[in-house]
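So the structure is just underneath, and the comments pick up after that.
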Ligand code: NAD
Ligand code: 6OH
């Protein structure tokens, strides 16, 4: 059986405790690897290696050379594309058609985009007058923040991890990554690539394990970690923020969502259906900015519901290698239990089940997998838990509306504020509506159209800070002002 070790100071190492945990293929329920579980000892070693790397070659590389090596990281991921793809699909069960277009190429691109950005970003300078007439010159200098703790989720494991590691390294930091216990493989494999690309030992470290009482929690508590960037559940973010309060360490959070889509009657319905199909069901509904609440203007409500139902029922479920498959399993049996709990709750709360609502019949080989039906509901009240809580599964509730004011109020009536999507042919209305929607990502007539240079993040309980483009630099670097009396 394959064994997955920590990657510390440029080497793969075993846990001191000798503890291992299982890595399960969610499509079959089979154990595909044994993973070393890190504890305090491994976090201590990784943080020390990161600190030493900052003082070593990495801290003194000319910027052009640092960026050249990050480009090489991206190139090596692309050269080893098939290995990354196989590892990601084995850990998540997601269709290869998705991982080969999104997870792996965008995971690689994160190293190039941020290297190019950081190389070209200016800092400010101000000349100021002084009473003696000679003046003074102010200019800002940007420096790495230090050792960054990176805690990443399982839904897009490589992509969401490199989305943090890319800018962190571009800014000259060193990182200690704690990938999700569900999806350790691509984060582990990236260690080899870092060595191949000439990233000095200790710059990129990986410690596997769980959250509370394990590597995740120890990483957030470690005094040698200067800042923590986290993508995951809002509840976990709350725990991490408490830990980071000790020592006043900075946090950057991409958390949960309960994202609305608004479909006006004048929308191109073909587009709106296609977009909502993806936003509700892509990656088996496990996308942070996916849609779980759909509001449709009353004249087109019935047509929209019946066409989305037809679309959901036409999804092709199956193993990731099948090129026609566009719908994989959930990440784990545990997560399926949670999602199925909401499927039952929807019925208890009085929903009409338009389609789905349970577990599909699968061939015997996939009997142990976390398969679930794509599900659509109507008829729930606005206070139903199914309409208010993040489910993170392939499901949505559709509700009719009659006016712009009404739908803006409904869309904003949530603790979250990550994403919202508006479908209309009237661009004046689109602009009017999005400016009132409380969300960090606003799409008009599209979904998941994402330029990596743009700001990414959520309002309210969906996060703190923005990553992406130059915005991440605020988190991954420290600005100091230099004032020179002339
Ligand atoms: P999770 O919060 O359960 O786990 C995320 C990571 O945190 C894992 O590595 C886990 O081991 C670790 N962790 C858990 N408890 C911890 C603790 N006390 N201290 C330190 N680390 C701890 O999230 P998940 O289930 O992996 O991912 C799904 C969630 O992520 C959903 O809520 C989804 O909305 C959110 N998400 C948000 C975004 C975004 O960009 N806003 C993107 C993807 C996923
Ligand atoms: C969150 O679940 C997915 C985020 C994906 C991206 O930000 C991207 O641009 O690929």
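The values are calculated or read from the model by the stated rules, or taken from the named source; none is laboratory data. Given the structure is predicted, the values throughout are model-derived calculations rather than measurements. Positions of Cβ are generated from backbone atoms using ideal geometry, with glycine treated the same way; all protein chains shown enter the neighbour counts.
Values for this structure:
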{"item": "Checklist (1) more than 16 Å from ligand 2 (Cβ to nearest atom); (2) in contact with a strand residue (DSSP E or B) (Cβ under 8 Å, 6 or more places away or on another chain) applied to residue 75, failing item", "result": "(2)"}
{"item": "Those residues of segment 288-320 which are within 16 Å of ligand 1 (Cβ to nearest atom) and surrounded by 23 or more Cβ atoms within 10 Å (Cβ to Cβ), in sequence order", "result": "288, 290, 291, 292, 293"}
{"item": "Helices (runs of 4 or more DSSP H) wholly inside segment 398-486 that include at least 1 residues being under 30 Å from residue 127 (Cα atoms) and in the same structural domain as residue 164 (by TED's automatic domain parsing)", "result": "473-476"}
{"item": "Residue pairs meeting the criteria (Cβ under 9 Å; at least 6 apart or on separate chains; first assigned by TED's automatic domain parsing to the domain that holds residue 429 and over 17 Å from residue 302 (Cβ atoms), in segment 266-280; second in a helix (DSSP H, G or I) and modelled with pLDDT of 95 or more)", "result": "274/311; 277/308; 277/311; 277/312; 280/308; 280/312"}
{"item": "All positions within segment 97-112 that are surrounded by fewer than 24 Cβ atoms within 10 Å (Cβ to Cβ) and farther than 24 Å from residue 285 by Cβ", "result": "109, 112"}
{"item": "From the options 274, 334, 361, residue that is surrounded by fewer than 20 Cβ atoms within 10 Å (Cβ to Cβ), more than 24 Å from residue 420 (Cα to Cα) and away from ligand 1 (no atom under 16 Å from the Cβ)", "result": "361"}
{"item": "Any hit, segment 66-87, residues being within 16 Å of ligand 1 (Cβ to nearest atom) and assigned to a helix (DSSP H, G or I)", "result": "no"}
{"item": "Strands (runs of 3 or more DSSP E) fully within segment 107-171 counting 3 or more residues that are farther than 17 Å from residue 479 by Cβ, at pLDDT 95 or above and outside the structural domain of residue 473 (by TED's automatic domain parsing)", "result": "none"}
{"item": "Candidates 234, 183, filtered to the one that is at pLDDT below 95, within 16 Å of ligand 2 (Cβ to nearest atom) and under 21 Å from the mean Cα position of the chain (by Cα)", "result": "234"}
{"item": "From 94, 40, residue being surrounded by fewer than 21 Cβ atoms within 10 Å (Cβ to Cβ) and touching a residue at least 60 places away in the same chain (Cβ under 8 Å)", "result": "40"}
{"item": "Residues of segment 140-159 that turn out to be buried (at least 24 other Cβ atoms within 10 Å of the Cβ) and touching a strand residue (DSSP E or B) at 6+ places or on another chain (Cβ under 8 Å), as a count", "result": "6"}
{"item": "Residue 202 more than 28 Å from residue 123 (Cα to Cα), within 16 Å of ligand 2 (Cβ to nearest atom) and buried (at least 19 other Cβ atoms within 10 Å of the Cβ)", "result": "no"}
{"item": "Any hit, segment 57-67, residues being under 21 Å from residue 179 (Cβ atoms), buried (at least 18 other Cβ atoms within 10 Å of the Cβ) and touching a strand residue (DSSP E or B) at 6+ places or on another chain (Cβ under 9 Å)", "result": "no"}
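Let's see how each residue does on (1) within 13 Å of ligand 1 (Cβ to nearest atom); (2) under 24 Å from residue 390 (Cβ atoms); (3) free of Cβ contacts under 8 Å to residues at least 60 places away in the same chain:
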site: 179; (1), (2), (3): yes, yes, yes
site: 194; (1), (2), (3): no, no, no
site: 212; (1), (2), (3): yes, yes, yes
site: 220; (1), (2), (3): yes, yes, no
site: 227; (1), (2), (3): no, no, no
site: 234; (1), (2), (3): yes, yes, no
site: 242; (1), (2), (3): yes, yes, yes
site: 250; (1), (2), (3): no, no, no
site: 259; (1), (2), (3): yes, yes, no
